[in-house]
Amino acid sequence: MKVGIIGAGNVGSASAYALIMRGIARKIVLVDLNEKRARAEAEDILHATPFAYANKIKAGNYENLNGCDVVVITAGANQKPGETRLDLLEKNTKIFKSIIPEILKNAPDAILVVASNPVDVMTRVTMEISGLPKERVFGTGTVLDTARFRSLLGYHLGVSAKSVHAHVLGEHGDSEVLAWSPANAGTIQIEELAKDLGRPITEKIKAEIEDGVVNAAYSIIEGKGSTYYGIGGAIARICQAVSSNEYAVLTVSTIHGNVEGVNNVCLSLPCIIGKRGIHQILEPRLNKEEKEKLKSSAIVLKEAADQALSFL
Ligand code: NAD
């Protein structure tokens, strides 16, 4: 597949690296206002191809997006220490107004995957600007948060994170919802399994896992300025699902007619992803408390999206 990446900063280049090392993209084009950075990242990643797959990566302009199957948008300002994702809203909406028409002109058949924050709102903005069918525009949403949840649960239980079926729903951000009640491995609900394995999930451990998932970005940003490897892996995983028409279940962000009584809101629920993009949205089975949290998350995002749409 051919993948275009708009924004060759930390997230864009980590995504390109993951796509190359896993052999998912045959061709990658990096587009950035900072052409020198894009060229340097492409050159550096190209030098890893003899150790991975003989695929191509280059820096380019919007015209070079011609024939892209997927265009990933990572352009924009990133989260500064102490800044929430919603703080980035106005800055990134303005950037998107300039880049989306260019993408559409040059890669009219591509699926658009939005990673720039606040990702749920930027996904809504991209849908609005592009006018594309909703299955072809989605955000990375909580694919990364879900990976964080699975990895921490797997680590605690001593079970491969790949065998842990657990999802984070709602906002990619502070109001996100860890769906504990349906989480399981090997058919066993996760908290029961933890007891069976002699590693119970006490209130303290539960709170530590919640904190490790919800506040991961803040602690990583405090330590090294930004997060990029996790999201790079998540973007490669999404592209793989499209490229191999996998029908994989991933918690991407898309628009929903009704989430716990909140209408037309962009957030993450489990979705089936294949070559057409989102093939179907699944309705999770949640307990009362999780449903209430999902509703609160939907309210936060609905308000933020309304603000962003007013900048258009
Ligand atoms: P970065 O500053 O390293 O890179 C952003 C790049 O965008 C820069 O190279 C900049 O030159 C480029 N850019 C800015 N305006 C542009 C334009 N109009 N056209 C083309 N390129 C433009 O930032 P980063 O760390 O790579 O983060 C990028 C975005 O990804 C941020 O919004 C960040 O919050 C978000 N992010 C999302 C997730 C997620 O899970 N969705 C995770 C981490 C970061």
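Within 17 Å of Gly233 (Cβ to Cβ), within 15 Å of the ligand (Cβ to nearest atom) and outside any loop (DSSP other than H, G, I, E, B): which single residue out of Ala18, Ala38, Ala42 fits that description?
On the way: Ala38 fails: within 17 Å of Gly233 (Cβ to Cβ); Ala42 fails: within 17 Å of Gly233 (Cβ to Cβ).
The unique qualifying residue is Ala18.
So, restricting to helices (runs of 4 or more DSSP H) that lie completely within region 168-278, which ones have at least 3 residues that are more than 30 Å from Arg26 (Cα to Cα)?
Where helices (runs of 4 or more DSSP H) fall fully within region 168-278 and carry at least 3 residues being more than 30 Å from Arg26 (Cα to Cα), they are 190-196, 203-214, 216-224.
Can you pull out the residues in region 209-240 that are among the hydrophobic types (A, V, I, L, M, F, W, C) and either out of contact with any Phe, Trp or Tyr (no Cβ under 7 Å at 6 or more places or on another chain) or open to solvent by 70 Å² or more (accessible area, probe 1.4 Å) (or both)? Give the derivation first.
Taking region 209-240 and keeping what is among the hydrophobic types (A, V, I, L, M, F, W, C), we get 209, 213-214, 216-217, 220-221, 231, 234-236, 238-239.
Scanning region 209-240 gives Ile209, Val214, Ala216, Ala217, Ile220, Ile221, Ile231, Ala234, Ile235, Ala236, Ile238, Cys239.
Examine region 96-114 for a residue that is within 14 Å of the ligand (Cβ to nearest atom), within 23 Å of Ser297 (Cα to Cα) and outside the structural domain of Asp174 (by TED's automatic domain parsing), and state whether such a residue exists.
So in region 96-114, the residues within 14 Å of the ligand (Cβ to nearest atom) come out as 96-103, 106, 112-114.
Subsequent filtering for residues that are within 23 Å of Ser297 (Cα to Cα) retains 113-114.
When the remaining residues are screened for being outside the structural domain of Asp174 (by TED's automatic domain parsing), the result is 113-114.
Taking every residue of region 96-114 in turn, at least one turns out to be within 14 Å of the ligand (Cβ to nearest atom), within 23 Å of Ser297 (Cα to Cα) and outside the structural domain of Asp174 (by TED's automatic domain parsing).
How many residues are more than 18 Å from Asn10 (Cβ to Cβ) and open to solvent by 100 Å² or more (accessible area, probe 1.4 Å) when one looks only at region 41-53?
Matching residues across region 41-53 total 4.
Just to verify a result, which residue in region 1-15, among those that are within 18 Å of the chain's Cα centre (by Cα) and part of a strand (DSSP E or B), is nearest to the ligand (Cβ to nearest atom)? First the steps, then the outcome.
Of all residues in region 1-15, those within 18 Å of the chain's Cα centre (by Cα) come to 3-15.
Filter once more, keeping what is part of a strand (DSSP E or B): 3-6.
Working: Val3: 16, Gly4: 11, Ile5: 10, Ile6: 5 Å.
Residue satisfying both the conditions and the ranking: Ile6.
Which residues, taken from region 241-260, are under 15 Å from the mean Cα position of the chain (by Cα) and open to solvent by 50 Å² or more (accessible area, probe 1.4 Å)?
First, pick out the residues of region 241-260 that are under 15 Å from the mean Cα position of the chain (by Cα): 241-242, 248-255.
Answer for region 241-260, where residues must be under 15 Å from the mean Cα position of the chain (by Cα) and open to solvent by 50 Å² or more (accessible area, probe 1.4 Å): just Val249.
Go through region 54-85 and give me each residue that's over 12 Å from Gly4 (Cα atoms), open to solvent by less than 70 Å² (accessible area, probe 1.4 Å) and more than 14 Å from the ligand (Cβ to nearest atom).
Once the filter is applied, which keeps residues that are over 12 Å from Gly4 (Cα atoms), open to solvent by less than 70 Å² (accessible area, probe 1.4 Å) and more than 14 Å from the ligand (Cβ to nearest atom), region 54-85 yields only Asn55.
I'd like the full set of residues that are within 17 Å of Gly12 (Cα to Cα), open to solvent by 10 Å² or more (accessible area, probe 1.4 Å) and part of a helix (DSSP H, G or I), limited to region 112-162.
Residues satisfying the conditions are Val143, Leu144.
Pull out all pairs, ordered by first then second residue, where Cβ-Cβ is under 7 Å, the residues are six or more apart or on different chains, the first lies in region 243-255 and is at positive phi, and the second is open to solvent by 10 Å² or more (accessible area, probe 1.4 Å) and of a type in the set (Lys, Arg).
Asn245/Lys275
Spot the failing condition for Leu88; the list is (1) in a helix (DSSP H, G or I); (2) open to solvent by 60 Å² or more (accessible area, probe 1.4 Å), and only one is missed.
All conditions pass for Leu88, except number (2).
Results for (1) farther than 17 Å from Ile238 by Cβ; (2) charged (D, E, K, R); (3) not assigned by TED's automatic domain parsing to the domain that holds Leu282, shown as yes or no for each residue.
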position	(1), (2), (3)
Thr123	no, no, yes
Thr126	no, no, yes
Ala147	no, no, no
Gly158	yes, no, no
Gly170	yes, no, no
Glu191	yes, yes, no
Ile205	yes, no, no
Ile209	yes, no, no
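Within region 132-139, identify whether any single residue is within 23 Å of Ser219 (Cβ to Cβ) and at pLDDT 95 or above, and answer yes or no.
Yes, there is a match, as at least one residue in region 132-139 is within 23 Å of Ser219 (Cβ to Cβ) and at pLDDT 95 or above.
Within region 95-111, can you find the residues that are outside any loop (DSSP other than H, G, I, E, B) and free of Cβ contacts under 8 Å to residues at least 24 places away in the same chain? Please lay out each step first, then the result.
Looking only at region 95-111, we keep the residues that are outside any loop (DSSP other than H, G, I, E, B), and these are 95-106, 111.
Result: Ile95, Ser98.
The values are calculated or read from the model by the stated rules, or taken from the named source; none is laboratory data. Remember, predicted model here, so these are calculated numbers, not experimental data. Neighbour counts are summed over all protein chains in view; Cβ atoms, including those assigned to glycine, are modelled from backbone coordinates with ideal geometry. Remember, those area values only see protein heavy atoms, side chains included, never the ligands or the DNA or RNA. Shrake-Rupley method; radii C 1.70, N 1.55, O 1.52, S 1.80 Å.
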